[in-house]
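**Q** Structure in C-alpha cells, see below.
The values are calculated or read from the model by the stated rules, or taken from the named source; none is laboratory data. Fair warning: this is a prediction, and the values are worked out from it, not measured in the lab. Positions of Cβ are backbone-derived with ideal geometry, glycine not excepted, and every protein chain shown enters the neighbour counts. For accessibility, only protein heavy atoms count, side chains too; no ligands or nucleic acids. Shrake-Rupley method; radii C 1.70, N 1.55, O 1.52, S 1.80 Å.
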Amino acid sequence: MPLYLDPEQLREQAPGPHLDLIGTMAFRAAGAAQRLGVFDALLDGPLPVTELAARTGTDEGTLPVLLDALVSFGYLDRAPGQVYANSPMTAGSLDRRSPWSYAPALAFWHDLLGELWDGLEESVRTGRPGADFYGWLESRPRTLREFQTMLDGMATGLAPLVAATAPDPGRRLLDVGGGHARYSIALCEAHPGLTATIVDLPKALEGGRARVEQAGLAGRVRTVAGDVTEADLGSGHDTALLFNLCHGFDGPDNRALLKRVAAALRPGGTVLVLESFADLPEGTPLAAEAFTRAFSLNLAVTQGGRIYAFDEIAGWLAEAGFGRIERRALDGPSELLIARLPGADTAGPSGTETVRAPETDRPRAPETDRPRAPEADAGHAHTIAGGAARAVLPVAWTREEIR
C-alpha cells in the first residue's frame, strides 16, 4: 500500500494489493512522463495539452490520458481547458536544474524495475542474482549516466556530514569504489595535509576526475582504474573508505575484500564503512524502513548482495584484524562504521565490541554547510532518542524542500 495513504481511512475502499497496484502504475506513469519530457516542458509554467503534445512529440489524443492519470497520482495539476502544470511536489523534486533533483533516481529505478526484477522469483528460488547488474548498466549508457548522477547527488549531500563526523583520516586516504570522488574531495578540503587514491571502474571514474580538477585537487587526489576486488590497492594508507560498497557483495566476497583493505592499511590504520544497516535505529520512519528492505531485495535480485546488519560487517572486520569498532549515525538512513587495526600503541583488536557515539554528542557538520532536518510532521524526518531528527531519505533528495 502506498505509504502516504492512511490504511484506516482506505481499508474499506480497496484491498491493500489493489492500492499497491495503483502505486505501481503511478510509478510507471511518472517514469514514462519523465522520458517523454512532460515535466521538463512544464518547468516554466502551465501549458495547454495541444502545446504540450507539440513540445513532447506525443499524440494529442493519448497524451491527456497519461496527464489525467498523473493528476490523480499527484504529479500534475489541471486547470479548465485541459491546461496542465507541474504539481508543487513535482516542481520541488524532479527539476533537473537542481543539484538535489530526484529525477535521475526516478529514471534509474524505472529502467531497473522494468527489466531486472523479472528475475525476482528465480533469485529467491536459487539464491543467485538473475542478472549481471554492472554488465546491464554498461549496455545502457543512458541508464548508466542516470545511475552515476544519482550516486553523485546522494554523495553531494552526505559528503560534508561525513567530513564532519569521521575521525581524522591521517595523511593517506584510500577510497575504494568512490569513483564520483565526492568523499575524497570533501575530506581533502577538510584536511589540507591529506592525499587520496580512488580505485574504481573506468567509467565510474570519468566524472570523478573532472570534479577533482574543478576542485583544484589534481595534485592530491589520484585515480586508479580497476575492479576493486582485483585491483592493486597499494599499501601504507592511514584510512580506507568503503562507502555503499559492502551491500553489493555476498558474505565471502566481503570477507575477501575487507582482508585486502586491511592489507592496504598501515598498522593502526582505520576503515570507514558507510551503509544503511539492516538493524535500523529505533525510531526509523516507516518510509526509510520500507525502502531499506526493498533495496535489500533489489540487491539480492540484481547483484547477489543485500543490506547487512551492523554486527555482520563488524564480524567480518574482526576476522580481517580490525577492532575498536564504533557506529555513528548521520542525518539520513546511512550510518558510519569505524574500525581500526592494532598498532604499536594498542594491545590488539577488541573483536566486535561496539562503541556507540552518544546520540546528542555525535560530531555534526557546520550549521552553514549541513542540511537542516525538517520537522517530523513534514514527512521527511522522525524524532529518535535524544531529540535528534532522522531523515527518511538521503539528504540530497530532501534538501530542495528543506531550503
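**Q** Can we say ALA262 is open to solvent by less than 50 Å² (accessible area, probe 1.4 Å), farther than 20 Å from ALA164 by Cβ and free of Cβ contacts under 8 Å to residues at least 12 places away in the same chain?
**A** No: the conditions fail for ALA262.
**Q** From LEU299, LEU317, LEU286, LEU280, which residue is in contact with a helix residue (DSSP H, G or I) (Cβ under 7 Å, 6 or more places away or on another chain) and farther than 29 Å from PRO342 by Cα?
**A** LEU299
**Q** Check LEU330, LEU341, LEU317, LEU337 and return the single one that is among the aliphatic types (A, V, I, L, M), modelled with pLDDT under 95 and surrounded by 17 or more Cβ atoms within 10 Å (Cβ to Cβ).
**A** That would be LEU330, the only listed residue that is among the aliphatic types (A, V, I, L, M), modelled with pLDDT under 95 and surrounded by 17 or more Cβ atoms within 10 Å (Cβ to Cβ).
**Q** Let me ask another. Could you figure out which of (1) modelled with pLDDT under 50; (2) more than 30 Å from PRO129 (Cα to Cα); (3) more than 22 Å from the chain's Cα centre (by Cα); (4) open to solvent by 30 Å² or more (accessible area, probe 1.4 Å) isn't true of ALA357?
**A** Among (1) modelled with pLDDT under 50; (2) more than 30 Å from PRO129 (Cα to Cα); (3) more than 22 Å from the chain's Cα centre (by Cα); (4) open to solvent by 30 Å² or more (accessible area, probe 1.4 Å), ALA357 violates only (4).
**Q** Kindly evaluate ALA79 against the criterion of being at pLDDT 95 or above and buried (at least 16 other Cβ atoms within 10 Å of the Cβ).
**A** no
**Q** For the stretch 273-288, how many residues meet the condition of being at pLDDT 90 or above and loosely packed, with under 15 Cβ neighbours inside 10 Å?
**A** 1
**Q** One residue is enough: does the stretch 54-68 have a residue meeting the conditions open to solvent by 30 Å² or more (accessible area, probe 1.4 Å), farther than 30 Å from GLY157 by Cα, part of a strand (DSSP E or B) and of a type outside the set (S, T, N, Q)?
**A** Taking every residue of the stretch 54-68 in turn, none turns out to be open to solvent by 30 Å² or more (accessible area, probe 1.4 Å), farther than 30 Å from GLY157 by Cα, part of a strand (DSSP E or B) and of a type outside the set (S, T, N, Q).
**Q** From the list GLY37, GLY23, which one is surrounded by 13 or more Cβ atoms within 10 Å (Cβ to Cβ) and modelled with pLDDT under 95?
**A** GLY23
**Q** Could you list, in sequence order, all residues of the stretch 23-49 that are in contact with a Ser or Thr (Cβ under 9 Å, 6 or more places away or on another chain) and outside any helix (DSSP H, G or I)?
**A** GLY37, LEU42 - these are the residues of the stretch 23-49 that are in contact with a Ser or Thr (Cβ under 9 Å, 6 or more places away or on another chain) and outside any helix (DSSP H, G or I).
**Q** Take the stretch 224-241 and flag every residue that is in contact (Cβ under 8 Å) with a residue 40 or more places away in the chain and assigned to a strand (DSSP E or B).
**A** HIS237, ASP238, THR239, ALA240, LEU241
**Q** What are the residues in the stretch 84-98 that are under 13 Å from LEU42 (Cβ atoms), part of a helix (DSSP H, G or I) and of a type in the set (S, T, N, Q), if any?
**A** The answer is THR90, and nothing else.
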